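Enquirer: Pasting a structure here, questions to come.
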Amino acid sequence: MSFNQDFLWGGATAANQHEGGYQEGGRGLSTFDAVTGGGYKVPRLVTYKNVDGSIGKVPVDSTMTGQVPVHTTGTILEDTFYPSHNATDFYHHYKEDIALMGEMGFKCFRMSISWSRICPDGRYQVNEEGLAFYDAVFDELHKYGIEPVVTINHFDMPMYLADHYDGWSSRKLIDFFLFYARTIFTRYKDKVKYWMTFNEINVLSGWCQIGVHDNSPQNLYQAHHHIFVASARAIQLGHEINPENKIGMMVAYTPSYPMTCKPEDVLEALQFNRQKTFYMDVQCKGYYPEYKQKEFEREHIVIKMEDKDLETIQAGTVDFIGFSYYMSTVSSTDPDVERTEGNQFLGCKNPYLTTSDWGWTVDPLGLRIALNQIYDQYHLPMFVVENGLGAPDQMEEDGSVHDSYREEYLRNHIKAMKDAVDLDGVDLMGYTPWGCIDIVSAGTGEMKKRYGFVYVERYDDGTGDFSRRKKDSFYWYKHVIETNGEEI
């Protein structure tokens, strides 16, 4: 056995980290446009304006839960560096970037559409210039035989909806989102067949990601319910517009192991893992699981629903499960155990594993474990849509970048995927390593934290000419794709 001949090898990016062009082509402001740079253990800041005109700043922690006060609006300050404004300038380099993907042999490219580029304030106005930009991108991808895999909403949202509707706290956003979804499903009916509704749905919180000014459990779960309904209705809509569409969900999956065989640690790990499985239960099985209903009772959380919401969720389940995997973690009831963080989760440090320069646990076998855990529970096609190593790559004087550490990281994870397919029978659709061309880190706002096969000359102080250079891993990954993962 081996990977299927139509296995979707590729790479992944997001508009707010790659695209740039934030005030070009009729695009409206998005929430991430008001998020500054940061660094490792140096928080990014959201800049906002109070009703009296004074300016405020609130830290955005590694889990993206910066809580902007109520009755404020996001604002862009002069003499302040906002990494997403230019990101790594895909807006002006998309032909060059796609040509590099074609040279590597990509079968697919996972990207997101900027909601505010299509609907500038998030409501019912359509920006034709924005639609035309993505037409050009999709046409360029197809020129090289690359299938677009499109995330409809990847963390950011139109700033107007955050400022004037309190984001997904408002049920009105369901209709705004469906108008946006209908617009792109219809426009790109013959150009895109692989879609995902929301990126890492299980970690969505705060003003940056979902526009809410109140991160209390009651408000967040109410917002998530609106997102569930919007996603389910969008899936139904996408299937109506084109029955050939394959529409999936996307979850950040970080499996947690119990620190010991102490039953309390095992239960702690179970409860940690339910932070992911709850969102898959709703979107794959179509209902709120009993354990979450009991949690709502204990925490006095009451979700306001309309009469047919649960029927909608049941009818709008997904075709496949996309997930990000960067690391595993450990659960313990011992408060003195050392903690580590990564990909928006805080857990305990695993003494048996190494970590990256940013403290993320490196655990290739955990990917095989994750694939089995998810596939056993939901038995839907799987798609590893994010995986990769953030590292401070060094460009040599001759322009070369020697990143054998990235090759080793990806080689071990591809081996784990292959074992999940060959030995365990997991139905795996594809693999799109994260940041295949260097992009801005979502968590830290850094360029220093690089993931790509292609080095982009852009730096944390905002300097750089955006030129692209192939890293050693570029040629390695090209060979992996050529041999369909048989030679890694």
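The values are calculated or read from the model by the stated rules, or taken from the named source; none is laboratory data. Just so it is clear, the structure is predicted and the values come from calculations on it, not from any experiment. Please note: Cβ atoms are built from the backbone with ideal geometry, for glycine as well, and neighbour counts cover all protein chains shown.
Enquirer: Please indicate, with yes or no, whether at least one residue in the stretch 103-112 is under 27 Å from Thr483 (Cα atoms), part of a helix (DSSP H, G or I) and either out of contact with any Pro (no Cβ under 6 Å at 6 or more places or on another chain) or small (Gly, Ala, Ser) (or both).
Expert: Narrowing the stretch 103-112 to residues under 27 Å from Thr483 (Cα atoms): 103-111.
Applying the additional criterion that residues be part of a helix (DSSP H, G or I) yields 103-104.
With either out of contact with any Pro (no Cβ under 6 Å at 6 or more places or on another chain) or small (Gly, Ala, Ser) (or both) added as a condition, the list becomes 103-104.
Yes - at least one qualifying residue is present in the stretch 103-112.
Enquirer: OK, next. Do we have any residue at all in the stretch 246-259 that's surrounded by fewer than 24 Cβ atoms within 10 Å (Cβ to Cβ), within 17 Å of Met280 (Cα to Cα) and among the aliphatic types (A, V, I, L, M)?
Expert: Yes, the stretch 246-259 contains at least one residue that is surrounded by fewer than 24 Cβ atoms within 10 Å (Cβ to Cβ), within 17 Å of Met280 (Cα to Cα) and among the aliphatic types (A, V, I, L, M).
Enquirer: Where residues in the stretch 27-59 are among the small types (Gly, Ala, Ser) and touching a Gly at 6+ places or on another chain (Cβ under 6 Å), which of them is farthest from Thr463 (Cα to Cα)? Working first, answer last.
Expert: Of the stretch 27-59, the ones among the small types (Gly, Ala, Ser) are 28, 30, 34, 37-39, 53-54, 56.
Narrowing further to those that are touching a Gly at 6+ places or on another chain (Cβ under 6 Å): 34, 37-38.
Details: Ala34: 19, Gly37: 13, Gly38: 15 Å.
The selected residue is Ala34.
Enquirer: Now, a different point. Exactly one of these conditions fails for Asp52: (1) over 17 Å from the mean Cα position of the chain (by Cα); (2) closer than 19 Å to His85 by Cα. Give me its number.
Expert: Unmet for Asp52, out of (1) over 17 Å from the mean Cα position of the chain (by Cα); (2) closer than 19 Å to His85 by Cα: (2).
Enquirer: On the given criteria, is Lys478 touching a helix residue (DSSP H, G or I) at 6+ places or on another chain (Cβ under 6 Å), basic (Lys, Arg) and modelled with pLDDT of 95 or more?
Expert: Numbers: touching a helix residue (DSSP H, G or I) at 6+ places or on another chain (Cβ under 6 Å): yes; basic (Lys, Arg): yes; modelled with pLDDT of 95 or more: yes.
Answer is yes for this residue.
Enquirer: Of all residues in the stretch 205-226 being assigned to a loop (DSSP other than H, G, I, E, B) and in contact (Cβ under 8 Å) with a residue 24 or more places away in the chain, which is farthest from Thr13 (Cα to Cα)?
Expert: Filtering the stretch 205-226 for residues assigned to a loop (DSSP other than H, G, I, E, B) gives 205, 211-216.
Next, from what is left, pick out any that are in contact (Cβ under 8 Å) with a residue 24 or more places away in the chain: 205, 211-215.
Details: Ser205: 20, Gly211: 21, Val212: 24, His213: 27, Asp214: 28, Asn215: 27 Å.
Once the filter is applied, the top-ranked residue is Asp214.
Enquirer: Which condition number in (1) at positive phi; (2) under 19 Å from the mean Cα position of the chain (by Cα) is the one that Thr88 fails?
Expert: Of everything listed in (1) at positive phi; (2) under 19 Å from the mean Cα position of the chain (by Cα), Thr88 misses just condition (1).
Enquirer: Is the stretch 169-178 home to any residue that is surrounded by fewer than 21 Cβ atoms within 10 Å (Cβ to Cβ), under 30 Å from Ile369 (Cβ atoms) and touching a residue at least 12 places away in the same chain (Cβ under 8 Å)?
Expert: Checking the stretch 169-178: not a single residue is surrounded by fewer than 21 Cβ atoms within 10 Å (Cβ to Cβ), under 30 Å from Ile369 (Cβ atoms) and touching a residue at least 12 places away in the same chain (Cβ under 8 Å).
Enquirer: OK, next. Which number in (1) under 28 Å from Leu220 (Cα atoms); (2) surrounded by 14 or more Cβ atoms within 10 Å (Cβ to Cβ) marks the one condition that Asp307 misses?
Expert: Only one criterion in (1) under 28 Å from Leu220 (Cα atoms); (2) surrounded by 14 or more Cβ atoms within 10 Å (Cβ to Cβ) is unmet by Asp307, namely (2).
Enquirer: Scan the stretch 392-405 and give yes if some residue there is among the aromatic types (Phe, Trp, Tyr) and either closer than 22 Å to Thr277 by Cβ or crowded, with 19+ Cβ neighbours inside 10 Å (or both), otherwise no.
Expert: From the stretch 392-405, those among the aromatic types (Phe, Trp, Tyr) are 405; that's our starting set.
Next cut, either closer than 22 Å to Thr277 by Cβ or crowded, with 19+ Cβ neighbours inside 10 Å (or both) only: none.
Checking the stretch 392-405: not a single residue is among the aromatic types (Phe, Trp, Tyr) and either closer than 22 Å to Thr277 by Cβ or crowded, with 19+ Cβ neighbours inside 10 Å (or both).
Enquirer: If you don't mind, there's one more thing I want to ask. From Ala87, Ala14, which residue is in contact with a His (Cβ under 9 Å, 6 or more places away or on another chain), under 23 Å from Asn202 (Cα atoms) and surrounded by 15 or more Cβ atoms within 10 Å (Cβ to Cβ)? Give the steps one after another, and end with the answer.
Expert: Details: Ala87 fails: under 23 Å from Asn202 (Cα atoms).
Exactly one residue qualifies, and that residue is Ala14.
Enquirer: Shifting gears a bit: Against the condition in contact (Cβ under 8 Å) with a residue 12 or more places away in the chain, part of a loop (DSSP other than H, G, I, E, B) and more than 22 Å from Met250 (Cα to Cα), how does Leu100 come out, does it pass? Before the answer, list the steps.
Expert: Values: in contact (Cβ under 8 Å) with a residue 12 or more places away in the chain: yes; part of a loop (DSSP other than H, G, I, E, B): no; more than 22 Å from Met250 (Cα to Cα): yes.
When the stated conditions are applied, Leu100 does not pass them.
Enquirer: On the given criteria, is Glu244 at pLDDT 95 or above, of a type in the set (Asp, Glu) and under 24 Å from Glu311 (Cβ atoms)?
Expert: Against the criterion (at pLDDT 95 or above, of a type in the set (Asp, Glu) and under 24 Å from Glu311 (Cβ atoms)), Glu244 does not qualify.
Enquirer: Can you work out which of the residues in the stretch 31-86 that are without any contact (Cβ under 8 Å) to a residue 12 or more places away in the chain and not acidic (Asp, Glu) is farthest from Asp121 (Cα to Cα)?
Expert: Let us first name the residues in the stretch 31-86 that are without any contact (Cβ under 8 Å) to a residue 12 or more places away in the chain, namely 41, 52-54, 78-79.
Imposing the further condition that a residue be not acidic (Asp, Glu) reduces the set to 41, 53-54.
Details: Lys41: 33, Gly53: 21, Ser54: 23 Å.
In this case the residue turns out to be Lys41.
Enquirer: Condition (residue is touching a helix residue (DSSP H, G or I) at 6+ places or on another chain (Cβ under 7 Å), over 22 Å from Phe3 (Cα atoms) and modelled with pLDDT of 95 or more) applied to the stretch 411-432: is it met by at least one residue?
Expert: no
Enquirer: Still on this model: Which condition number does Phe323 fail, the rest of (1) touching a Gly at 6+ places or on another chain (Cβ under 7 Å); (2) buried (at least 21 other Cβ atoms within 10 Å of the Cβ) being met?
Expert: For Phe323, the failing item is (1).
Enquirer: Just the residues that are touching a strand residue (DSSP E or B) at 6+ places or on another chain (Cβ under 8 Å), more than 20 Å from Ile210 (Cβ to Cβ) and surrounded by 22 or more Cβ atoms within 10 Å (Cβ to Cβ), please, taken from the stretch 17-56.
Expert: If the condition is that a residue be touching a strand residue (DSSP E or B) at 6+ places or on another chain (Cβ under 8 Å), more than 20 Å from Ile210 (Cβ to Cβ) and surrounded by 22 or more Cβ atoms within 10 Å (Cβ to Cβ), then His18 is the only one that fits.
Enquirer: Looking at Asp424, Asp363, Asp393, which one is among the acidic types (Asp, Glu) and over 30 Å from Val266 (Cα atoms)?
Expert: Working: Asp424 fails: over 30 Å from Val266 (Cα atoms); Asp363 fails: over 30 Å from Val266 (Cα atoms).
Criteria check complete, one pass: Asp393.
Enquirer: Test each condition in (1) among the β-branched types (Val, Ile, Thr); (2) surrounded by 16 or more Cβ atoms within 10 Å (Cβ to Cβ); (3) farther than 24 Å from Phe155 by Cβ for Thr463 and report the one that comes out false.
Expert: (2)
Enquirer: Continuing with this model, one more query. Could you tell me which residue of the stretch 147-203 is farthest from Pro381 (Cα to Cα), considering only residues that are in a loop (DSSP other than H, G, I, E, B) and more than 20 Å from the chain's Cα centre (by Cα)? Don't jump to the end; show me each part of the working.
Expert: Step one: filter the stretch 147-203 for residues in a loop (DSSP other than H, G, I, E, B), giving 154-157, 166, 170-171, 188-193, 199-200.
Narrowing further to those that are more than 20 Å from the chain's Cα centre (by Cα): 166, 170-171, 188-191.
Numbers: Asp166: 35, Ser170: 33, Arg171: 31, Tyr188: 23, Lys189: 22, Asp190: 23, Lys191: 22 Å.
Going through the qualifying residues, I end up with Asp166.
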